[in-house]
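Report on one structure; see the data block that follows.
The values are calculated or read from the model by the stated rules, or taken from the named source; none is laboratory data. What you see is a predicted model, and the numbers here were worked out from it, not measured in a lab. Positions of Cβ are generated from backbone atoms using ideal geometry, with glycine treated the same way; all protein chains shown enter the neighbour counts.
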Amino acid sequence: MRVALIALLTLAYPLLVWLGMAHFEPRWLAVLLAALALARAAATRERLWLVAAAGALGLAAFAAFGNALLPLKLYPALVNAVLLAVFAASLIHPPSAIERLARLREPDLAPAAVAYTRKVTWVWCGFFVLNGSLALATALWADAATWALYNGLIAYGLIGALFAGEWLVRRRVRARHAAASRGGR
């Protein structure tokens, strides 16, 4: 339940900041980011997510003490950087992030499936580089509405498109492997 609430607040963060800007100074919006960071830290034992929580607390502190909006806008870029680090680290120290997720549904993955999950993990790494770069660009150079639109809507649409595209590709790969195994018998 707590993890779901943290995820929901993380998803809604750009919208909450954008809506809050009309009513509150950045120093008060920093409380939202600090609360999110502390909740994330309390909910995890993984070092990378603790580092992310510390980074978010740092951004919140800069926003609060400088009464500045930019540190608050940098949070989506930080999240993408952490996700990139998690996925990239899993490529160096297998199993890959996608293989771990796949094994939740199918504990006995074939070697071809493991290779496929590794490729998908690479694709997600590329996505986090692109998405994180756009999150950073909108934070640095776009107005607040554009930042909120990209980070609070468009980025989620891109994530959904990547999920859907991968699902379609996975169906084709599975069908091809099934046909090859039947043909090889």
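So, L134, is that one free of Cβ contacts under 8 Å to residues at least 24 places away in the same chain, in contact with a helix residue (DSSP H, G or I) (Cβ under 7 Å, 6 or more places away or on another chain) and either crowded, with 19+ Cβ neighbours inside 10 Å or assigned by TED's automatic domain parsing to the domain that holds S96 (or both) or not?
yes
Within region 103-121, identify whether any single residue is in a helix (DSSP H, G or I), in contact (Cβ under 8 Å) with a residue 40 or more places away in the chain, surrounded by fewer than 18 Cβ atoms within 10 Å (Cβ to Cβ) and not hydrophobic (A, V, I, L, M, F, W, C), and answer yes or no.
No, region 103-121 has no match at all.
Out of (1) surrounded by fewer than 16 Cβ atoms within 10 Å (Cβ to Cβ); (2) within 26 Å of V17 (Cα to Cα), the odd one out for Y150 is which?
The one condition Y150 does not meet is (1).
As an exercise: evaluate W141 against (1) closer than 30 Å to A22 by Cβ; (2) out of contact with any Ser or Thr (no Cβ under 9 Å at 6 or more places or on another chain); (3) free of Cβ contacts under 8 Å to residues at least 60 places away in the same chain; (4) surrounded by 13 or more Cβ atoms within 10 Å (Cβ to Cβ) and give the number of the one condition it does not meet.
Failing condition for W141: (4).
Which of the following residues is modelled with pLDDT of 95 or more, crowded, with 17+ Cβ neighbours inside 10 Å, outside the structural domain of T138 (by TED's automatic domain parsing) and not polar (S, T, N, Q): A41, A61, A30, A37?
A30
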